[in-house]
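Asks: Let me give you the structure first, and then I'll get to my questions.
The values are calculated or read from the model by the stated rules, or taken from the named source; none is laboratory data. Everything numeric here is computed off the predicted structure, so don't read it as measured data. With ideal geometry, Cβ positions are generated from the backbone for all residues, glycine too; neighbour counts draw on all protein chains shown.
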Amino acid sequence: MQKTSIFLSAFFLSLSSYAVTPDLGVYLRAGSGSNAAGGAQECISNKGSGGNEFRLGNECGIYGEFGIGATLLKAENERAPFWRLFTNFAFAYNNRTDWEGNNPNNWVLREVYTEGGRVDGLDFTAWAGKRFYRWGDVHMNDFYPVNFSGPGGGIGGLHFGKGVLSFAVIQNAQSDEINGATGQVTRVGNAAKSTLHVRYDDMPTAFGVLSLWAVAGTTPSTKTTATPETNYKAATGGFLAARLSSALTEKTRNEFGLAFGQSIMSNMGSSGDLVKDCDTATDASCNVTGSSRVRAWNSVVYEGESWSVAGALMFDELSKGTSADSRVRWTSAGVRPTYWITEHISLAGQAGISNVVDESDGLGARNLWRVTIAPQISMSKGYFARPVIRAYYSRTQWNESNQISAAGTSAAADKSIDSLGFQTEVWF
């Protein structure tokens with residue numbers, strides 16, 4: 001923390017020496033609550049689902065991001081030259097004591113890159129470094145359906161037809177075995193998963209604004225340095241996604257997305273590197289080249305005079321490519337209505353159900369339900385209005401097949417848990 005403070009002080013001091021404009025962006029949520037048994041709040045999600053479904057009332061502790069940047073050259077218009085620097089630090093704490101330690105892993109560097117372009121008559125931008133490279137989230141579930149964030153570089157802002165074209169290369173060098181061992185030391189060093197991205201965004205259609213995303217990925221052929229050796233084969237994979245953002249009515253915004261990933265891209269992310277060179281029909285670490293995933297999502301937000309309502313639907317099915325017990329399916333539906341008593345005072349509710357079926361665990365359908373109610377006070381009116389301060393009561397239930405999701409909590413032997421507490425959330 002002390003090193004981070006020194007860095008921030010030096011950063012802003014250096015900006016004062018130049019004719020640059022500092023930029024600051026913040027996301028923060030902080031809450032404190034308890035369970036019905038008298039202990040600290042415990043957050044439970046359906047194992048095998050993505051993100052944090054029905055997040056209201058199920059966000060433990062503190063999480064934040066501090067985005068710090070500088071505009072080195074301000075664009076006079078959207079087609080004029082510009083240069084900017086951006087960094088983003090994320091942090092997380094349990095928020096259970098007055099003084100929470102000096103663990104450096106609580107602070108992580110999420111982004112650091114420069115971006116600029118449209119110089120010398122060239123109608124494109126360029127970036128290099130490490131950055132978020134993703135589409136927007138399904139907010140209610142704190143889940144990014146398409147997320148390839150990481151180190152790399154690319155060009156963008158290419159106006160082509162009715163849309164905007166961009167290209168990027170993202171590389172994740174972890175030397176982890178897909179669906180297996182982690183931290184492998186290999187003959188090629190830190191074996192990397194490299195991905196080439198082609199995006200076509202902001203294309204107007206009769207049904208809304210369409211965005212397309214295509215990715216080709218590759219991992220190397222190598223072997224471990226330790227004995228006995230583990231051999232890894234070169235592997236490739238592909239990913240395709242489409243997103244349609246539309247106005248269903250004057251007060252209703254909707255986003256529908258569909259994605260497909262194959263082989264090493266079936267995880268729909270930049271992580272995951274090594275594929276074992278083996279023929280074991282039941283080993284997902286070597287049969288990943290036969291794996292595939294289909295994902296669909298729909299997110300809608302209605303903003304009325306007295307009501308704000310958000311809804312989310314999720315479907316995700318992974319086929320591991322093994323000969324048996326190959327599929328994992330996740331489906332989810334949730335709604336969050338908010339009634340505005342005044343411009344600043346509201347009452348939010350939330351209800352959702354999640355279902356996960358993993359053929360390999362033999363548990364059958366694992367269900368989870370959550371219901372939350374939260375009186376709120378906010379700076380302005382609207383579903384996304386922040387800052388907000390809220391109190392909440394949340395009840396999470398699950399079926400007998402899903403007690404695995406409560407493992408390690410005070411409710412491990414039960415089928416429900418109650419949570420109540422306070423939370424603030426802000427972004428700008």
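Asks: State whether the residues of the range 274-283 include one that is crowded, with 16+ Cβ neighbours inside 10 Å and under 23 Å from T396 (Cα atoms).
Replies: No: the range 274-283 contains no residue that is crowded, with 16+ Cβ neighbours inside 10 Å and under 23 Å from T396 (Cα atoms).
Asks: Scan the range 232-243 residue by residue and report those that are farther than 29 Å from T182 by Cα and out of contact with any Asp or Glu (no Cβ under 7 Å at 6 or more places or on another chain).
Replies: Residue satisfying the conditions is A242 alone.
Asks: Quick one: in the range 75-89, of everything that is of a type in the set (A, V, I, L, M, F, W, C) and part of a loop (DSSP other than H, G, I, E, B), which residue is farthest from P22 (Cα to Cα)?
Replies: A80
Asks: Scanning for something surrounded by 17 or more Cβ atoms within 10 Å (Cβ to Cβ), small (G, A, S) and either under 30 Å from L318 (Cβ atoms) or more than 18 Å from the chain's Cα centre (by Cα) (or both), does the range 74-90 turn up at least one residue?
Replies: Looking for residues that are surrounded by 17 or more Cβ atoms within 10 Å (Cβ to Cβ), small (G, A, S) and either under 30 Å from L318 (Cβ atoms) or more than 18 Å from the chain's Cα centre (by Cα) (or both), one finds none in the range 74-90, hence no.
Asks: Something else: Test each condition in (1) under 17 Å from A181 (Cα atoms); (2) in contact with a Ser or Thr (Cβ under 8 Å, 6 or more places away or on another chain); (3) small (G, A, S) for S285 and report the one that comes out false.
Replies: Among (1) under 17 Å from A181 (Cα atoms); (2) in contact with a Ser or Thr (Cβ under 8 Å, 6 or more places away or on another chain); (3) small (G, A, S), S285 violates only (2).
Asks: Next question, about the same structure. Considering only residues that are part of a strand (DSSP E or B), of a type outside the set (K, R) and closer than 24 Å to D283 by Cα, look in the range 164-215 and name the one that is nearest to the chain's Cα centre (by Cα).
Replies: Going through the qualifying residues, I end up with N172.
Asks: Would you be able to say whether some residue in the range 106-117 is in contact with a Ser or Thr (Cβ under 9 Å, 6 or more places away or on another chain), loosely packed, with under 14 Cβ neighbours inside 10 Å and on the phi < 0 side of the Ramachandran plot?
Replies: Yes, the range 106-117 has at least one match.
Asks: OK, next. Quick check: is even one residue across the range 128-139 over 16 Å from the mean Cα position of the chain (by Cα) and touching a residue at least 12 places away in the same chain (Cβ under 8 Å)?
Replies: Yes, there is a match, as at least one residue in the range 128-139 is over 16 Å from the mean Cα position of the chain (by Cα) and touching a residue at least 12 places away in the same chain (Cβ under 8 Å).
Asks: I need the full set of residues from the range 40-73 which are closer than 16 Å to N402 by Cβ, surrounded by fewer than 22 Cβ atoms within 10 Å (Cβ to Cβ) and among the charged types (D, E, K, R), in order please.
Replies: Within the range 40-73, E42, K47 meet the criteria.
Asks: Is at least one residue of the range 223-241 loosely packed, with under 15 Cβ neighbours inside 10 Å, free of Cβ contacts under 8 Å to residues at least 40 places away in the same chain and under 21 Å from the mean Cα position of the chain (by Cα)?
Replies: yes
Asks: Also, I was wondering about something else. Of the residues A333, A324, only one is in a strand (DSSP E or B) and either within 24 Å of T396 (Cβ to Cβ) or aliphatic (A, V, I, L, M) (or both); which?
Replies: That would be A333, the only listed residue that is in a strand (DSSP E or B) and either within 24 Å of T396 (Cβ to Cβ) or aliphatic (A, V, I, L, M) (or both).
Asks: Being over 28 Å from A37 (Cα atoms) and not in a strand (DSSP E or B) narrows it down to one of D414, D361, so name that one.
Replies: Step by step, each of D414, D361 is checked, and only D361 is over 28 Å from A37 (Cα atoms) and not in a strand (DSSP E or B).
Asks: Among the residues of the range 304-321, what is the count of those that are outside any loop (DSSP other than H, G, I, E, B) and either more than 27 Å from N147 (Cα to Cα) or small (G, A, S) (or both)?
Replies: Residues meeting the conditions: 6.
Asks: Looking at (1) touching a helix residue (DSSP H, G or I) at 6+ places or on another chain (Cβ under 9 Å); (2) surrounded by 15 or more Cβ atoms within 10 Å (Cβ to Cβ), find the lone condition where A385 falls short.
Replies: The one condition A385 does not meet is (1).
Asks: Are any of the residues in the range 96-104 crowded, with 16+ Cβ neighbours inside 10 Å and either at negative phi or not hydrophobic (A, V, I, L, M, F, W, C) (or both)?
Replies: Taking every residue of the range 96-104 in turn, none turns out to be crowded, with 16+ Cβ neighbours inside 10 Å and either at negative phi or not hydrophobic (A, V, I, L, M, F, W, C) (or both).
Asks: Additional query: Quick one: would you say I389 is over 25 Å from the mean Cα position of the chain (by Cα) and among the β-branched types (V, I, T)?
Replies: no
Asks: When the residues of the range 284-327 are narrowed to those that are modelled with pLDDT of 95 or more, surrounded by 17 or more Cβ atoms within 10 Å (Cβ to Cβ) and of a type in the set (D, E, K, R), which ends up farthest from F54 (Cα to Cα)?
Replies: Here the residue is R293.
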